[in-house]
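Reading through the structure tokens given below for one structure.
Bear in mind these aren't lab numbers, they're just calculated from the coordinates by the rules spelled out. Because the structure is a prediction, the values reported are computed rather than measured. Heads up, the Cβs are rebuilt from the backbone with ideal geometry, glycines too, and the neighbour counts pull from every protein chain shown.
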Amino acid sequence: MKKYLLLILLFTHNIYAQDKLFTMTDAVLNARTSLAPQTLKQLKWIKNSAEYSYVGTDNNLYKATAFTGKAQILVSLNDLNKALKNKNEDTLSSFPGMEWEDMNSFIFKANKKRWMWITSVKTLELRELDNFPNDAENIEKDKKKGFIAYTQNDNLHIWNAGKIYHITTDGSSNIVYGQSVHRNEFGINKGIFWGNTGDYLAFYRMDQSMVKDYPITDYNEKPAKANLIKYPMSGDSSHHVTLGIFNLKTLKTIYIKTPPPADHYLTNIAFSTDDKWIYIAELNRDQNSMQLNCYNTTTGNFEKTLFTETDNNYVEPLNPILWVTGKSGQFVWQSRRDGWNHLYLYDASGKLLKQLSKGDWEVTQVLGFSDNGEKVFFEATKESPLNRDLYYITLADNKIVRLTNGNGVNRSVMNSGGNYFINYFSNPTTPNNIQVIDSKTKKILDIFQSSNPLTAFKLGEMNLFSITNKQGDKLFCRTYKPIDFDSTKKYPVIVYLYGGPHAQMVKNSWLGGGNLWFQYMAQKGYLVFTLDNRGSEASGKKFEQATFRQLGTIEMEDQLEGVNYLKSLKYVDASRMGVHGWSFGGFLTTSLMTRNPEVFKVAVAGGPVIDWSYYEIMYTERYMDTPQSNPEGYKNSNLLNYVDKLKGKLMLIHGTSDDVVLWQHSLLFTEKAVEKNIQLDYFPYPGHLHNVTGKDRVHLMQKISNYFFDYL
């Protein structure tokens, strides 16, 4: 009990309002609509200006200046519909999604056509644009010349004013072009990269022919149909990726001559400012050595290695080099080489000029540079791992200046000049406060304040705090107490967890980073508890990498520290504790029920990893190495080895079309339970992928809730 005297109470939030209670539809569907914090729809900067636009509740497009925040109608829905009607087109019931083309025109889609509205003239100026194919995917537009690159049927094409350049023609299920590769790891979220001059297009080519086919069954067909996907499992053959460059001047393609082996990872693609060179972070399959290499964009030849980063566990490059505005010979690189993600300034030759940021905190996002290149703007956890704030650092003297204030989570969007930011702020008492920040004067202008959407409901008290594990690590926690809480009573507990990398469940934001299902369960008389264990993000490399080669073990140690804390509370009924998680959280839930039986009475595991050798190469081998090199780690984490240890009530849930954590995982666990004569419950969601979405999610959450109601 002495340890918990060190508990730091960061926030206590208790609202006694009306007596309305949540329905499951409220907690799931309405949580994203009528019960979500209000906001300004389609809020965005107008290109190359200090003005922003948004769609009002009256369905008109407004614009305002960053200086005053005073808004005026720029385009009314009525005028837009008049112009569409003049073109003999159907009118719209709401303002369409739009993107600014430049400071005087925006593009939108209506009636399956692309349109441009010109705002610089007083007449109703609407132009129909040439359409590229409706089934185009992975669309990327060149900022310089307006060419559009896209994929169609696994091939890459460029569209310009009705003319189509077919860059590749041999695309297939085995050979794909212009798509995201490496299972979207290493910060990869696309496969097409325009250069800065409009003359070069880089793209991924992925050869999957050596990866085994995996069947995803479609049960809506008669008979059921197997759709084959490529799914590289840990320790097996991985796909081979190369980087092509299409030259729009010569209309020819060259491929970058990256060295073997072919199953390494090509990440963080960036052109030089003049497009003469392209930079690739090349990571070996072991993921413990990364080289930042430079290649000639005309010949594809290797030029030089700028630097190498190694780690005994793993290196994980997530961001490409960022050229300093106005200084083409300098760039900023993000690295965790000192134990925390920080910014480093390099020259073009790869010489380290200096480390810009430093300390026991993480840079979480870099937004860009000021117009003169003297400052770099970033978001970070400098005030607290639970918070996010906006800062800039001066490249000349490393001076760090905080631009946001208050205690909470900020998310900022920079205008093209680096002078102003639209900032979204929330904390447990502030649903959504939208501001404009002047980076030069540090002035903050509030432009929108959401009211509390939950004032009509009776809520449980929410607390954010921390406990300390045996190693001295601070573990951040969140609780929702039952409504009408009485400290003299005993309450059942539901532990909701995730526990895996690149996730943080507990934040100093609206609802503490939680959701309305937690309040729904609080209204049913449950205390809901969440803890971010070692392995989760925002607390540095040592904290994250503590789980290396032993997924599940260290995470459970910390979760059990949370259980010990809960047991120390007089109002907790330790005989009625349940646990629930999805994906990695499903793995951890099942681990707790089998590797630490009798701690929890009831559990629901959704989409769980059961055997890491059946999970994808890129993710698994980073944290576990291969099954061949780490057999003991894979054995210890393989939950098939513990099925006979299960004591409490466990329900597994899985989407039958899950292409992330394959359905096979939970089926194998069920098969083993039958073999060992172990009883468990199971519920599949036909046709759903890795999560259950849409209206079916109401059914899912009711299914989970009922399981706790029945057995806890």
As an exercise, identify the trypsin sites (Lys or Arg not before Pro) in the range 444-488 lying in DSSP coil whose Cβ has no more than 15 other Cβ atoms within 10 Å. 470
Any aspartates and glutamates with Cα under 19 Å of the residue 163 Cα? List them, leaving off those in the same chain fewer than 8 positions away. 128, 130, 135, 137, 140, 142, 199
Along the three principal axes, how long is the range 407-460 when you take its alpha carbons, biggest first, rounded to the nearest angstrom? 45, 18, 17
Hey, can you rank 586-592, 111-117 by average C-beta count inside 10 Å, highest first? 586-592, 111-117
When only DSSP loop residues count, what trypsin sites (Lys or Arg not before Pro) in the range 348-387 have their Cβ near at most 16 other Cβ atoms within 10 Å? 351, 358
Compactness relative to 2.2 N^0.38 Å, alpha carbon Rg of the range 358-450: 1.03
Per-residue ellipticity at 222 nm for the chain, helices alone: DSSP H runs ≥ 4 residues times -39500 (n - 2.57), over residue total, nearest 500 deg cm²/dmol? -4000 deg cm²/dmol
How big is the range 221-314 in terms of Cα radius of gyration and Dmax, in angstroms? 17.3, 56
The chain - Rg and Dmax from Cα coordinates, angstrom: 26.7, 79
Using the alpha carbons of the range 41-128, what is the convex hull volume per residue in cubic angstrom, as a whole number? 87
From the Cα centre of the range 486-550 to that of the range 245-294, the distance in Å is 39
What's the extension gain from residue 413 to residue 99 if we count 0.36 nm per residue and subtract their Cα-Cα distance? 111.5 nm
Aspartates and glutamates with Cα under 16 Å of residue 225, excluding same-chain neighbours fewer than 8 positions away: 213, 658, 659
Stretch gain in nm, segment residue 471-residue 570, where the contour uses 0.36 nm per residue and the Cα spacing is subtracted: 33.1 nm
Taking R0 as 22 Å, what's the FRET efficiency between residue 641 and residue 677 from their Cβ-Cβ distance, rounded to 0.05? 0.85
Within the range 544-645, report the trypsin sites (Lys or Arg not before Pro) that DSSP leaves as loop and that have at most 14 other Cβ atoms within 10 Å. 570
Cβ neighbours within 10 Å, averaged per peptide: list 500-512, 402-414, 295-307 in order, most packed at the top. 500-512, 402-414, 295-307
Explain nothing, just the number: dipole magnitude of the range 41-128 about its Cα centre with +1 on each Lys and Arg Cβ and -1 on each Asp and Glu Cβ, in debye rounded to the nearest 20. 100
Using a Förster distance of 51 angstrom, determine the FRET efficiency expected from the C-beta separation of residue 289 and residue 405, and round it to 0.05. 0.75
Going down the list 44/145; 190/230; 375/443; 113/141; 47/70, which pairs span over 20 Å between their C-alpha atoms? 44/145
Would you please state which residues of the range 625-662 a label at residue 221 would reach in this model, taking the label point 7 Å out along Cα→Cβ and a backbone N cut-off of under 18 Å? 656-659
Average Cα contact separation per residue, the chain, under 8 Å, 6 or more apart, as relative contact order %: 11
